[in-house]
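One structure is given below, encoded as structure tokens.
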Amino acid sequence: MRQKLRVAAYAICVRDGQILLARSPAPDGTPEWVVPGGGMEHGEDPYDTVRREVEEETGYRIEVTGLLGVDSSRRVFREGLGRAVDHHAVRFVYEGRIIGGELRNEVGGSTDLAAWQDLDAVPGLVRVGMVDIALRLWRERPATGRLADVLEDAE
């Protein structure tokens, strides 16, 4: 079985009761809301990744105001008709504050729309699970930087 590790960094940006999200087309064509962020490039620090990714996906420059936690998940799936892949994702979740730039949509990237969404409306959005994990880290701010029940469910 092939093993694959993906390390990524995401930012929760909240202001005036709204959260900054980006929309990503899903594999089945149904758009899903995601937390701005994404995969690290080789040699890149997660702190630099999150700042780069937020600007690419939303047009905003952010100040990283804290590390909320690290989410780790592992699952096995098949690549098309190929062999099974043991996929391990490690995701840094930061809190960010907008310090510049202007809201805009990403062109030619992994997302197609950036928008502020009311926090109360998030449960009704079509979204990836990482949105809920990141919001829980933001709300709960666990001293360990991890949501133990999420890790137990992933195992």
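The values are calculated or read from the model by the stated rules, or taken from the named source; none is laboratory data. Worth saying up front: this structure is predicted, and the values here are computed from it rather than measured. We place every Cβ from the backbone using ideal geometry, glycine too, and count neighbours over all the protein chains shown. Ligands, DNA and RNA are stripped out before the accessible areas are found, and what is left, the full protein with its side chains, is counted by its heavy atoms. Shrake-Rupley method; radii C 1.70, N 1.55, O 1.52, S 1.80 Å.
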Practice task
Name all residues of segment 1-31 having a backbone nitrogen under 20 Å from the label point set 7 Å from the Cα of Ala84 along its Cα→Cβ direction, giving them as ranges.
Solution key: 1-6
Handout entry: Bridge type composition, the chain - antiparallel percent by DSSP, nearest 5
Key = 75
Exercise for the section: Could you work out how far apart the two model spin labels at Arg139 and Arg75 are, taking each label as a point 7 Å from the Cα in the direction of the beta carbon, and quote it in nm? Expected result: 2.2
Problem - Within the accessible area of the chain (1.4 Å probe), percent carbon and sulfur - result: 48
Handout entry: Square roots of five times the Cα gyration tensor eigenvalues for segment 75-148, Å
Key = 27, 21, 14
Practice task
May I ask you to give the solvent-accessible area per residue for the chain, in square angstrom, as obtained with a 1.4 angstrom probe?
Solution key: 56
Problem - Degrees, to the nearest 10: 46-58 long Cα axis against longest axis of the chain - result: 70
Handout entry: trypsin sites (Lys or Arg not before Pro) restricted to segment 46-119 and DSSP loop, no more than 14 other C-beta within 10 Å
Key = Arg83, Arg104
Handout entry: Cut-off under 5 Å, modelled amide H: who pairs with Cys13 long-range
Key = Leu20, Gly96
Practice task
Express in whole angstrom the spacing between the alpha-carbon centres of segment 1-37 and segment 91-155.
Solution key: 7
Problem - Cleavage-rule hits (GluC sites (Glu not before Pro)) in segment 84-152: DSSP loop, at most 15 neighbouring Cβ within 10 angstrom - result: Glu102
Exercise for the section: Please work out the Cα convex hull volume for segment 9-155 and give it in Å³ per residue. Expected result: 132
